[in-house]
Amino acid sequence: MAITNFTLSVTTTGSTDIVDISDEVDQCLSKVCPEQGFIHLFIPGSTAALTTLEYEQGAIADLQKAIERMAPRDIAYKHDQRWGDGNGYAHVRAALLGPSLTIPVVNGAMRLGTWQQIVLCDFDNRPRTREIMVQVYAEA
C-alpha cells in the first residue's frame, strides 16, 4: 500500500463555523489517482473536528443547534477556570465529534453518499487557520 501525504489550510471564523472541504480533499485524491484505497483526514488541535454532513443551510443550522444543546457555550467549564480563555465548550464539542475521518476509495472515487460532504467544524471562540492532514492510501 502506497501512502501520499497532503496538508490543507482552511481559514475559519470560529464560533461553530462549518466549512465544506470536499473539493479540496478530492483534489488531493486526483493527484494520486488510486483505483482502490482510502483517504484518512486528521485535524491537529483540540477545538476543531471533522465529520460528514449534507452541506446545505438547513442541515448546517440543525447541526449547530444540536452541538449547542450538547455542549452549551454559556455554562461554566473547568477548563475556563484554569486557563481563562473562554473556550471550554469548544474542547468538549471537538471531543464529541472527533479529530479524524476515513473515507473509502472505490474505482478511483471517494465513496461518499449523494448528499454527503466532508466538513471541518471549528468550535473555537476566535477565527483560526486550520491545518488538516490528508493521507491517501492507494492499493499497490
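Tell me, rounded to the nearest percent, the portion of alpha carbon pairs in the chain spaced more than 27 Å apart.
25 percent
How would you rank 64-70, 101-107, highest first, on the average number of other Cβ atoms within 10 Å across their residues?
Averaged packing, sorted descending, gives the order 101-107, 64-70.
Sum up the charges of everything whose Cβ sits under 14 Å from the Cβ of Trp115, counting Lys and Arg as +1 and Asp and Glu as -1, but leave Trp115 out.
Value of the local net charge: -3.
Provide the net charge surrounding Leu50, with neighbours chosen by a C-beta distance below 14 Å and charges set as Lys +1, Arg +1, Asp -1, Glu -1.
Net of charged neighbours comes to -3.
Gap in Å between the Cα centre of segment 1-33 and the Cα centre of segment 70-116?
16 Å
With bins 10 Å wide starting at 0, give me the P(r) of segment 36-84 over every alpha carbon pair, in whole percents.
Computed distribution, short to long bins: 17, 36, 33, 12, 2.
Relative contact order, percent, of the chain when contacts are C-alpha pairs under 8 Å separated by at least 6 residues?
The value is 55 percent.
Would you tally the net charge around Arg130, using a Cβ to Cβ cut-off of less than 15 Å, leaving Arg130 out, and scoring K and R as +1, D and E as -1?
-3
What Kirkwood radius, in Å to one decimal, follows from the Cα pairs of segment 72-140?
Hydrodynamic radius (Kirkwood, Cα pairs) of segment 72-140 is 15.1 Å.
Throughout, read-outs are computed from the coordinates displayed, never taken from laboratory work. Note that the structure is a prediction, hence the values are computed from the model and not measured. All Cβ positions, glycine included, derive from the backbone under ideal geometry; neighbour counts span all protein chains shown.
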